[in-house]
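Read the figures in this text as sums done on the coordinates, not as results from a lab. Predicted model only: the values in this text are computed from it and were never measured. Don't worry about glycine lacking a Cβ; one is built from the backbone with ideal geometry, like all the others, and counts go over all protein chains shown.
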Amino acid sequence: MAQDVRNATRPYGGYDRRPSTTPDRELAEVGRGTPAGEYLRRFWQPVALAADIKDLPVPITILGEELVVFRDRSGALGLLERHCSHRRTSLEFALIVDHGLRCAYHGWHYGVDGALLDVPGEKVPGALASRMYHGAYPVREFRGLVFAYMGPPDQRPPFPDYDFMHHDEEEYLPFCWHNPCNWVQLRENTQDPIHLTFLHSMFDVQQFGDYAYDLPVIQACETPIGQITTSVRRVHDLYYCRVNELILPNIARVPDGIRLGDAIPENMAGEPGRRQAIELRYRRQLPSSHGLGLSTWIVPNDDFNAMHMGWLHLSPKWSEKARADYLATITFGQTGERSYEERHRNPGDWDAWVAQGRMAIQANENLTAADAGIALFRRQLRAGIRAVQAGERPKGMRAEGEGVCQTYGYALTRPAPCLPDEGAEWAAKQDYAQEMQQDILARRAPALDRMLEPA
Ligand code: FES
Ligand SMILES: [Fe+2]
């Protein structure tokens, strides 16, 4: 029977509330055979940092499956079911050998593809190997991330190939941050740009420039591979449109903040005077897929833990100090490593999404128009899940031979007129957002150029 879910409707009416206790399991659960678990398994996922794979097998849990990832002595990467096919001890204790690894307990030898290369004690050598494999998944290393495909072998899609993976002029800094909560609430964060105005602006640590104070006009629309959520704010005499892109099922492109002065966003903590004095010198941003920012995957470890991983895109032209300042700003609040006192006084993204609960219960939320990107993501997720269930190709799934996939993340400014009142300002921002969305979707480069001012 459906739960009677109610808000309080009178002052001091806490007792009247009827909160739901039921999460949206169709979207949230990720184990084998669950709707979202089967959907996510149809895509390559980053599962580890290459730098973490040294001379010992590394135990990891991905999509609820206990695994070990390792590099054998020939340099080949392997991702195997963690528990030995013989008597189930953990292969994290196995000995890495020239090809594959050998279980610590009774010496079964596995290849990176799960082949049984040696089964000591067998009456007929090779008998088991002729009829079984140990569980293994294909893995591939790319720019410091190890990706795996954990779906049906005969449905393996091509390796991810997005434009943001091909900027040799940039430095790709791989990262992997752990979050003790469900993957959906993490992924929703990038499509929730209103939180810049509050979470990232109200406290002592200002993660973005003073533009973030302006309450944005937020709109979301579908792209061929997912969605974009646009937020338009006034920055002095400009409108700044930040486009957060979500690529189904679990990738986001997060544009840089507006570049200030020396082209590096500055952390202006505790310096309100300086904040006032900042002048925008850069009148345009390149499309972020050809610039900087973050490319992120949210990869569930299980139903209650997920990794935020991907690349920070850095410029090799930055000075050491500029690089350090940028990293300090962009990574602020992304992990639980700060003390509770620090997080309590200056909460970051990590604190907000983890505090939504181990598995957030969407039925207890009250969304507004500013949550358009989140609502769209949930609809898209459900559609993708159901497409897989129906044996169809889900949105965002690439086919062999399609080539590099163009993405849609941008951050652009245009001159803003002086308008008489808030209503006119809001309408002008809405018009700009719609025009931006149409141009981005149609890839009307000339129109984009027209909107740009010379630097
Ligand atoms: S448990 Fe691994 S070889 Fe026996
Ligand atoms: Fe944030």
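Quick look at the values:
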| read-out | value |
| --- | --- |
| Two-site FRET efficiency, M202 against V404, from Cβ-Cβ distance with R₀ of 25 Å, rounded to 0.05 | 0.05 |
| With eigenvalues of the C-alpha gyration tensor scaled by 5 and rooted, the stretch 20-67, Å | 27, 12, 9 |
| Nonlocal amide H pairs with T89, under 5 Å, H built at 1.01 Å | C84 |
| Full-stretch length increase - F159, A363 - with 0.36 nm per residue and alpha-carbon distance subtracted | 69.9 nm |
| Local electrostatic count, V205, Cβ distance below 10 Å [Lys/Arg +1, Asp/Glu -1] | -1 |
| The stretch 43-155: equivalent-ellipsoid semi-axes (sqrt of 5 x gyration tensor eigenvalues, Cα, Å) | 23, 15, 12 |
| Using distinct alpha-carbon pairs, which all enter the 1/r mean, Kirkwood radius of the chain in Å | 24.0 |
| Gap separating the Cα centres of the stretch 67-94 and the stretch 171-185, nearest whole Å | 24 |
| Loop chymotrypsin sites (Phe, Trp or Tyr not before Pro), the stretch 1-44 (other Cβ atoms within 10 Å of the site Cβ: 16 or fewer; DSSP) | Y12 |
| Mean Cα-pair separation over length for the chain, i.e. relative contact order, pairs under 8 Å, 6 or more apart, % | 19 |
| Förster-model FRET efficiency, 30 Å R0, S339 and K54, C-beta, rounded to 0.05 | 0.50 |
| Packing-based ranking, highest mean first, of 387-397, 76-86, 428-438 given that Cβ atoms within 10 Å are counted | 76-86, 428-438, 387-397 |
| Spatial separation of Cα centroids for the stretch 43-65 and the stretch 130-164, in angstrom | 12 |
| In the stretch 309-361, the GluC sites (Glu not before Pro) that fall in loop regions by DSSP, at most 14 other Cβ within 10 Å | E337 |
| Distance from the stretch 289-362 to the stretch 197-237 (C-alpha centre basis), Å | 17 |
| Length gained when the stretch W426-H178 is fully extended (0.36 nm per residue, less Cα-Cα span) | 85.5 nm |
| Potential extension, Q389-A355 segment - 0.36 nm per residue separation minus Cα distance | 9.1 nm |
| Simple spin-label estimate for Y12 and A442 in nanometres, 7 Å along Cα-Cβ | 5.9 |
